[in-house]
1. Pick from GLY47, GLY94, GLY22: which residue has the top mean-square fluctuation in a GNM of the chain where Cα pairs under 10 Å get a spring?
2. Using Cα springs under 10 Å in a Gaussian network model of the chain, which residue among LYS131, LYS63, LYS12 shows the largest mean-square fluctuation?
3. Using a 1.4 Å probe over the heavy atoms of the protein chains, calculate the carbon and sulfur portion of the accessible area of region 8-55 as a whole percent.
4. So if R0 is 25 Å, what FRET efficiency would LYS20 and THR57 give, r being the distance between their Cβ atoms, rounded to the nearest 0.05?
5. Report, in debye and to the nearest 20, how large the dipole of the chain comes out about its Cα centre when Lys and Arg carry +1 and Asp and Glu carry -1 on their Cβ.
6. Can you compute the helix-only [θ] at 222 nm over the chain? Use -39500 (n - 2.57) per DSSP H run of at least 4 residues, normalise by all residues, nearest 500 deg cm²/dmol.
7. For the chain, set up a GNM with springs between Cα atoms under 10 Å and report which of GLN80, GLN108, GLN43 has the largest fluctuation.
8. Could you give the nm distance between label points at SER36 and LYS149, where each point is 7 Å from its Cα heading toward the beta carbon?
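The values are calculated or read from the model by the stated rules, or taken from the named source; none is laboratory data. Computed from a prediction, not measured in an experiment: that's the story for all the values here. Here the Cβ positions follow ideal geometry from the backbone for every residue, glycine too, while neighbour counts run over all protein chains shown. These area figures cover heavy atoms from the full protein model, side chains too; ligands, DNA and RNA do not enter into them. Shrake-Rupley method; radii C 1.70, N 1.55, O 1.52, S 1.80 Å.
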Amino acid sequence: GFLFVGRGDKFKSMNNIAKKDGITNVLFHEEIDNSSIMNLYAQCSCGIVILDKRHKTHNIPGKFLSYLHSGLPTFALVNQNNDLISIINNNNLGFATSNFDIKLIKEQIINLANKINFESNSKERKKKFAKDLFSVKNAADQILMKFKKY
């Protein structure tokens, strides 16, 4: 099944479509308090990031970082030239694309689901990637290095 949590532009319309079409393997839930997020992630197999394809800039959403810190692979559907595509695909963190073709999306979600079932060290590897690249310490070190140049 799928659980959608949030408040995005399409949240209510997706919920209405699922109800209207009688889709029963999808659940919608309003935003969840941050203190409960990690418990929710522990019950999930994958995280999903969907950004408006009209964006013109790079965007690495906080939820992607929280997925990584939880060891979850991510399916990302984002705007063209978004850094998230190369970060996810080049580091085997899930699958990311800017191609909004429904057939490709379906195929890649199925591929990712099958892949999740066969990776043995997946969670640990994603957590390490998050710690190495996106930790507070790493950010602080990068900032301090810039100041040391002056």
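1. Judging by the Gaussian network model, the answer is GLY22.
2. LYS12
3. Working: 1930 of 3770 Å².
Within region 8-55, the accessible surface is 51 percent carbon and sulfur.
4. Details: r = 34 Å, r/R0 = 1.37.
Rounded to the nearest 0.05, the efficiency is 0.15.
5. Values: 22 positive and 13 negative charges, 73 e Å.
For this selection, approximately 340 debye.
6. On the way: 7 runs with 77 residues, N = 150.
Mean residue ellipticity, 222 nm, calculated: -15500 deg cm²/dmol.
7. With Cα springs under 10 Å in the chain, the top fluctuation among GLN80, GLN108, GLN43 is at GLN43.
8. Using points 7 Å along Cα→Cβ, the separation is 4.5 nm.
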